[in-house]
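Participant: Quick one: the structure is below, and I'll ask about it shortly.
The values are calculated or read from the model by the stated rules, or taken from the named source; none is laboratory data. Source: prediction; values computed, not measured. Ideal geometry is used to build each Cβ from the backbone, glycine not excepted, and the neighbour counts take in all protein chains shown. Heavy atoms of the whole protein, side chains included, go into the accessibility calculation; ligands, DNA and RNA do not. Shrake-Rupley method; radii C 1.70, N 1.55, O 1.52, S 1.80 Å.
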Amino acid sequence: LFIIEVSAQWKPESFNLISDENYLSKITSSNPVSNSILDIITIDDSVVWLGTSRGVSLSTDKGGSWTNFYGTAPFGEDNISALSYNNYDGTIWAATATSVPAPGGGTVPKGTGLKYTTDNGLTWISVPQPLDHPDSNTVRYGINILNALPVTVAEQNITYDISFTTETVWITSFAGGTRRSTDMGQTWQ
């Protein structure tokens, strides 16, 4: 049996190439739990955050090892639809989503909320997916009052982007529009 070890310049994981069987055998399991990566955040020369179809992964050593939050509270088995770093206060925010059965068959995406950490993933705070009150049928922009369709369910209401200004979290959601919070997601406008 002929084995060749293959690795990257900075190896986040190592593989053995088993030449007579033509497949790669993974040596370590300390890698991200998904190869579907939606967002990558680098904070300095060594810290990398990944938002994946199987949660959030964190490396503090340039990808040498990973901490995975898939299957842990508050993430469960949800995927990540957005990941962002707030350079004003150092928090990491993640938006989560899942698929649920649709009436008549198939599935539809459902926003399951936002999670943020202020201590590099040691603890996470969960924020419900923002929803409108059923009576929220107008929106005020300056002196203008516009008619609006309230988004009252989490189905099809998935956050796809998160951004920050000083003391404000901004999100954009499919079917949920653009929202902002000045109290770490406790209330949304």
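Participant: I need the full set of residues from the range 142-156 which are free of Cβ contacts under 8 Å to residues at least 40 places away in the same chain and either open to solvent by less than 70 Å² (accessible area, probe 1.4 Å) or farther than 10 Å from residue 111 by Cβ (or both), in order please. If you could, list the steps in order and put the result at the bottom.
Facilitator: Of the range 142-156, the ones free of Cβ contacts under 8 Å to residues at least 40 places away in the same chain are 142-153.
Selection gives 142, 143, 144, 145, 146, 147, 148, 149, 150, 151, 152.
Participant: Related question: Scanning for something aromatic (Phe, Trp, Tyr), open to solvent by 20 Å² or more (accessible area, probe 1.4 Å) and touching a residue at least 40 places away in the same chain (Cβ under 8 Å), does the range 88-108 turn up at least one residue? Show your work before the answer.
Facilitator: First, the residues of the range 88-108 that are aromatic (Phe, Trp, Tyr): 88, 93.
After this cut, where a residue has to be open to solvent by 20 Å² or more (accessible area, probe 1.4 Å) as well, the list is 88.
Checking the rest, the ones that are also touching a residue at least 40 places away in the same chain (Cβ under 8 Å) come to 88.
Yes, because at least one residue in the range 88-108 is aromatic (Phe, Trp, Tyr), open to solvent by 20 Å² or more (accessible area, probe 1.4 Å) and touching a residue at least 40 places away in the same chain (Cβ under 8 Å).
Participant: Let me ask another. Among the residues of the range 71-79, are any within 15 Å of the chain's Cα centre (by Cα) and assigned to a strand (DSSP E or B)? Lay out the reasoning, then the answer.
Facilitator: Narrowing the range 71-79 to residues within 15 Å of the chain's Cα centre (by Cα): 71-79.
Then keep just the ones that are assigned to a strand (DSSP E or B); that gives 79.
Yes, the range 71-79 contains at least one residue that is within 15 Å of the chain's Cα centre (by Cα) and assigned to a strand (DSSP E or B).
Participant: With the requirement that a residue be in a loop (DSSP other than H, G, I, E, B) and among the β-branched types (Val, Ile, Thr), what does the range 113-140 give you?
Facilitator: The answer is 118, 123.
Participant: Could you check residue 67 against (1) within 20 Å of residue 177 (Cα to Cα); (2) of a type in the set (S, T, N, Q); (3) surrounded by fewer than 22 Cβ atoms within 10 Å (Cβ to Cβ) and say which number it fails?
Facilitator: (1)
Participant: Follow-up question, since we're still on this one. Given the conditions (1) at pLDDT below 95; (2) part of a strand (DSSP E or B); (3) open to solvent by 40 Å² or more (accessible area, probe 1.4 Å), report the number of the one that residue 160 does not fulfil.
Facilitator: (1)
Participant: Residue by residue through the range 109-136, note down the ones that are out of contact with any strand residue (DSSP E or B) (no Cβ under 8 Å at 6 or more places or on another chain) and open to solvent by 80 Å² or more (accessible area, probe 1.4 Å). Before you say what the answer is, go through the steps one by one.
Facilitator: Residues of the range 109-136 that are out of contact with any strand residue (DSSP E or B) (no Cβ under 8 Å at 6 or more places or on another chain), as a first pass: 119, 122, 131-136.
Once the filter is applied, which keeps residues that are out of contact with any strand residue (DSSP E or B) (no Cβ under 8 Å at 6 or more places or on another chain) and open to solvent by 80 Å² or more (accessible area, probe 1.4 Å), the range 109-136 yields 122, 131, 133, 134, 135.
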